[in-house]
1. Using 0.36 nm per residue, how much length does the chain from Val188 to Val401 gain when fully extended, once their Cα-Cα distance is taken away?
2. Once you have the Cα-Cα distance between Ala311 and Glu43, take 0.36 nm times their residue separation minus that, and quote the gain in nm to one decimal.
3. Using 7 Å Cα-to-Cβ label points, what is the Leu393/Leu300 separation (nm, one decimal)?
4. Take each complete run of DSSP H in the chain, measure how far its Cα atoms stretch along the helix's own axis, and keep only those covering 27 Å or more with mean Kyte-Doolittle hydropathy at least -0.5; list them.
5. By how many nm would the segment from Val169 to Arg408 lengthen if fully extended, with 0.36 nm per residue of separation less the alpha-carbon distance?
6. Please work out which option in (i) 70, 52, 40; (ii) 65, 49, 42; (iii) 54, 48, 43 gives Cα extents along the principal axes in Å calculated from these coordinates, and answer with its label.
7. Going by C-beta contacts inside 10 Å, put Thr404, Thr298, Thr51 in order with the fewest on the left.
8. What does the helix-only formula give at 222 nm for the chain: each DSSP H stretch with n ≥ 4 adding -39500 (n - 2.57), the total divided by the residues, and the result rounded to the nearest 500 deg cm²/dmol?
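Computed from the coordinates by the stated procedures, all read-outs in this text should not be read as laboratory data. No experiment lies behind these values; they were computed from the predicted model shown. Here the Cβ positions follow ideal geometry from the backbone for every residue, glycine too, while neighbour counts run over all protein chains shown.
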Amino acid sequence: MTGDAALVRLREDPDFRRFLAARLISLAGTSVTFIAFPVVVYELSGSPLLTALVVAFEALPYLLLGLPAGALADRLDRKVVMVRADLVNAVVLATIPIAHWFGVLTVPHMLVAAFLVPALFVFFDAADFGAVPTLVGRDRIAGANSAIWSTSTVVETAFPLLAGALLAVVDGATLIAVDALTYVASAVLIRAITRPLSDARAGAEPLDRSALVADVREGLQFLWGHLTVRSMTIVGALQSVAGGAFVGQLVPWSDRQLGVQAGDWRLGVVFSAWGVGVLFASLTLPRAVRRVGAARVTLLCLPASAVLCTATAFAYDWVTGSLALVAWGAAYMGVVINSITYRQQVTPEPLMSRVNTTGRMLSFGLGWPVGSVLGGVVAQLSGPREGMLTGALVLALGVVVAWTSPLRHEGSAPAVVAA
């Protein structure tokens, strides 16, 4: 089945439309929070390091919870896991505007929420990774991921622009209430999906500690034993260090180097620029993978990512900074989307959630918080640009690792592993 044919059939699938709508609505709120969280913390503290911690907490739960979350998502009903995670997250986020309206919002409150929201999302994401192949079938994974990433990126591009404009008239804490409502809407849509999002074995076996440990071990063994998946995971971790260092300093960098402060509509443009690059990557990636193979895409995107990361850090105004972020976002997310799609194509269904969550844990969950904290410490001492460049140095190491890894010898198409 061609990619175009797969997309047509996906558009006609009501359950996939519900699944996609839930993701888009939730991302709309999350895109607002993506700006609002660091802006509120920076306004409350004025500290680049504390602002970087908000970004670090976006990924740290993956490192702490990724393994058990993936194992549980393969054993439990994925739809139930996703709905409950959405609803609890709505409650957590609602505490922020309420505390602000009563004048008791603090930096510790923000940091706790910044950790709890992604911690709950780890369980949602673990179920989501396994749900996509189960919902659409393996022959439509690439088309489904392209549809998900491209439409999601439109939302992630448009809504930061809207958030940047709204921050001029509405405080960041109040905007977070929007995200709480979108989590509720997402839960309703996922609950309405009629087809199962797990295979028939989900929930059939009792949960116990030894079984979960065995499941975790099995997922790790598959990931580490598959040379291409292992290589992509390692270089993904190194790239995530650069991403965490950079995104952790976007608000201080925009303030001190680009002259764009909170309440300025141009801050929304800076944040949206990355999303434009992600949109380009999501639209062009399926064709690139078909032409040169998944491994080659990673090998080509990584050096481009390293160069563009460095160039972006030296931007001198909001226009050049935004244009550079478009290009870097395309190269960076080309590696990310490619790695996720490849793992989903080669992983057996019974291992789907734990292998993909483990891969995300070892790349995003490890690299992102390390990069955020490392960049925040350097920025506190020397400035936001220097913090960003610290991550770029690690990304350069990732290029060397990739080009000396088994990725150089990987064929043009992955072989799907049978369960």
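1. Value of the extension gain: 72.3 nm.
2. Here the segment from Ala311 to Glu43 would lengthen by 93.7 nm.
3. Output for this residue pair reads 3.1 nm.
4. The qualifying helices are 14-45, 48-75, 78-101, 107-136, 141-166, 172-191, 227-247, 265-292, 294-313, 318-346, 384-403.
5. 80.9 nm is the gain from fully extending Val169 to Arg408.
6. Given (i) 70, 52, 40; (ii) 65, 49, 42; (iii) 54, 48, 43, the calculated one carries the label (iii).
7. Thr404, Thr298, Thr51
8. Counting only the DSSP helices, I get -28000 deg cm²/dmol.
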